[in-house]
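Everything below concerns the one structure shown next.
The values are calculated or read from the model by the stated rules, or taken from the named source; none is laboratory data. This is a predicted model, so every value here is computed, not measured. Note that we place each Cβ from the backbone using ideal geometry, even for glycine, and neighbour counts take in every protein chain shown.
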Amino acid sequence: MLLSDMIRLNGRKNPDKVAVVSDDVSVTFGELRDRMHQVANAMLQLADVGDRVAVLAENLPEYVEMYYGVPDAGMALTFLNYRLHPKEWAWIMSNAEARILVVQPKFLEHLEPFLESVPTLEHVVVIGDPTPDHQVTYADLVGSASSEQPDLVVDEDTTAWLLYTSGTTGFPKGAMLTHRNLVIAALNSVIEYEPQPDERALIAFPLCHVSGYSVPVTHFRGGRIVLTPMFEAELWMKLVDEHQITGTSMAPTMLNFILEHPKVNDYDLSSLRGIGYGAAAMPVEILRSAIKRFGPIVYSGFGMTELGGNVLTFPKSAHERAVNGEEHLLASCGTPMVMADVKVVDEEMNECPPGIVGEVVIRGEQVLAGYFGNEAGTAEAFRGGWFHTGDMARRDEEGFFYIVDRMKDMIITGGENVYSREVEEVLYTHPGVSEAAVIGIPDETWGEVVTAVLVLRAGAVVSEADIVQTARDNLAGYKKPRRVIFVDELPKTVSGKIIKRQLRDELTTGVPS
């Protein structure tokens with residue numbers, strides 16, 4: 001089955017049912033099917049089967065059309081994160097050997113000076129009005145193409161999406177996700193997460209992030225998606241109210257912004273029947289607040305770019321158990337989904353017994369085909385026949401997994417291992433702390449010193465001694481921060497994940513990475 005088959009099937013079964021809503025634009029499944037075919041045929045006029053098409057845009061209906069249309073042409077849609085630097089956009093396109101760029105003018109003006117560094121780029125297609133140097137518009141190109149299904153055979157093992165890792169711990173790599181990977185990832189979630197009658201999903205994450213897989217998950221079930229150009233807390237609340245949204249997903253930082261917003265009770269959010277969270281670790285205190293505010297409708301999963309979606313699920317029922325007395329479950333990220341094989345292993349690939357920390361490794365049909373043009377990186381990631389996530393975790397006797405830290409975020413101080421997430425969870429219990437990142441900074445005496453970088457709540461007055469005392473009251477002495485730094489904001493990826501590598505570089509060298 002191809003990714004685009006989801007739209008063809010719904011276009012045949014529910015042609016008049018709404019599939020996409022964005023501002024005053026409403027697109028049915030029948031219309032989306034036709035536009036998908038037009039996109040595929042338009043791309044085939046400019047490039048060949050197997051080529052890469054880069055897209056640089058906010059959350060727009062055109063982006064959704066390209067989600068399905070570019071892969072339907074046998075090409076790989078290459079996602080460009082709009083929060084990156086233009087040099088990074090150019091680097092990714094060059095690494096991906098992209099032949100086509102589809103871009104909004106607001107981003108093109110910044111990218112223009114760097115386009116010459118992308119030798120494979122042949123066509124620039126503008127979403128919106130043409131620019132003086134680029135006259136080909138998406139509307140004209142796609143609008144004039146045939147709406148019939150392209151006359152070609154696409155193998156389900158062909159790369160459909162090429163997503164570059166966020167680079168929070170190093171240089172980004174291009175994860176090749178095939179049609180099979182994405183269909184299985186979507187099917188895994190369709191099976192595991194309960195369907196919602198008249199499903200209306202608000203897409204809060206940017207479509208350039210792997211979390212956009214929730215779009216085909218929703219469309220697989222015949223539901224509609226509502227787009228917002230980019231996340232903003234009050235706009236999110238307004239759209240939930242206006243469209244009677246039934247479900248959404250977001251990063252912990254996004255959820256925190258909503259919970260702390262002064263107008264959180266001014267909008268009708270009662271239509272929500274599911275709030276998923278992911279993309280980063282959820283601090284337990286934020287999770288408690290979310291359940292208190294919205295009720296037992298919160299659920300989560302664990303996944304990553306290389307998996308095309310989630311492989312662990314922590315459903316509403318487990319959250320209900322947690323709030324009804326089994327509070328240890330609040331720190332869990334769930335149990336393996338039905339179509340994924342997940343385990344915790346030691347350095348010799350032996351499975352760790354319950355309670356012992358090891359690395360999470362995964363095997364299954366949704367695991368990426370490999371990293372584009374990076375055989376060494378692919379071989380390293382798949383050593384022992386399993387995909388290595390780089391996440392440290394333990395599991396309990398019931399099979400619930402608990403992410404402890406990223407391997408590269410583990411701090412070694414005085415010969416002792418300190419898992420940064422454990423310290424962060426304690427710091428979040430301080431009433432004055434809004435956001436926390438704990439990192440290790442090189443030190444001649446200790447090897448590394450535990451360093452807390454904090455954003456305080458508005459109006460809070462907190463001292464370094466207060467923070468250290470909070471840690472001392474809850475943790476072993478060697479785990480308490482030796483340095484506490486207060487900042488106005490933390491650097492984040494487009495999905496809301498804190499970029500600890502940048503913090504480490506700035507505090508170590510004074511130069512942002």
### Task
For the range 171-245, please list each of the helices (runs of 4 or more DSSP H) lying entirely inside it that holds at least 1 residues being farther than 26 Å from residue 492 by Cβ and under 16 Å from the mean Cα position of the chain (by Cα).
179-192
#### Entry: Residue list for the range 420-429, restricted to those being in a loop (DSSP other than H, G, I, E, B) and surrounded by 17 or more Cβ atoms within 10 Å (Cβ to Cβ)
428
### Message
Restricting to the range 264-297, and then to whatever is of a type outside the set (D, E, K, R) and free of Cβ contacts under 8 Å to residues at least 24 places away in the same chain, can you tell me which residue is nearest to residue 332 (Cα to Cα)?
### Response
295
### Query
Pairs under 6 Å by beta carbon, first residue farther than 19 Å from residue 31 by Cβ in the range 219-245, partner in a helix (DSSP H, G or I) and β-branched (Val, Ile, Thr), six or more apart or different chains?
233/258
#### Entry: Answer residue from the range 116-157, given it is among the hydroxyl-bearing types (Ser, Thr, Tyr) and in a helix (DSSP H, G or I) and is surrounded by the fewest Cβ atoms within 10 Å (Cβ to Cβ) among those
117
### Out of 445, 493, 470, sole residue that is within 30 Å of residue 210 (Cβ to Cβ) and of a type in the set (S, T, N, Q)
493
### Query
Does residue 376 fit the bill of being at negative phi and part of a strand (DSSP E or B)?
no
### Message
Need the failing condition index for residue 221 against (1) at pLDDT below 95; (2) crowded, with 17+ Cβ neighbours inside 10 Å; (3) assigned by TED's automatic domain parsing to the domain that holds residue 50, just the number.
### Response
(3)
### Query
Does any residue of the range 381-393 turn out to be over 30 Å from residue 95 (Cα atoms) and outside any loop (DSSP other than H, G, I, E, B)?
yes
### Only listed residue being surrounded by fewer than 22 Cβ atoms within 10 Å (Cβ to Cβ), in contact with a helix residue (DSSP H, G or I) (Cβ under 7 Å, 6 or more places away or on another chain), modelled with pLDDT of 80 or more and not in a strand (DSSP E or B), chosen from 397, 365
365
### Query
Within the range 161-185, restricting attention to residues that are modelled with pLDDT under 95 and of a type in the set (Gly, Ala, Ser), which residue is nearest to residue 380 (Cα to Cα)?
170
### Selection status of residue 472, basic (Lys, Arg) and closer than 26 Å to residue 261 by Cα
no
### Task
Please state which one of 153, 215 is without any contact (Cβ under 8 Å) to a residue 12 or more places away in the chain and at negative phi.
153
### Message
Regarding the range 332-355, can at least one residue be identified that is assigned to a helix (DSSP H, G or I) and aliphatic (A, V, I, L, M)?
### Response
no
### Task
Keeping to the range 4-22, report how many residues are in contact with a Leu (Cβ under 9 Å, 6 or more places away or on another chain) and touching a residue at least 24 places away in the same chain (Cβ under 8 Å).
7
### Message
Looking at (1) of a type outside the set (A, V, I, L, M); (2) touching a residue at least 40 places away in the same chain (Cβ under 8 Å); (3) touching a Cys at 6+ places or on another chain (Cβ under 9 Å), which one does residue 300 not meet, given that it meets all the others?
### Response
(2)
### Query
Is there a residue in the range 175-183 that is of a type in the set (A, V, I, L, M), surrounded by fewer than 19 Cβ atoms within 10 Å (Cβ to Cβ) and within 18 Å of residue 52 (Cβ to Cβ)?
no
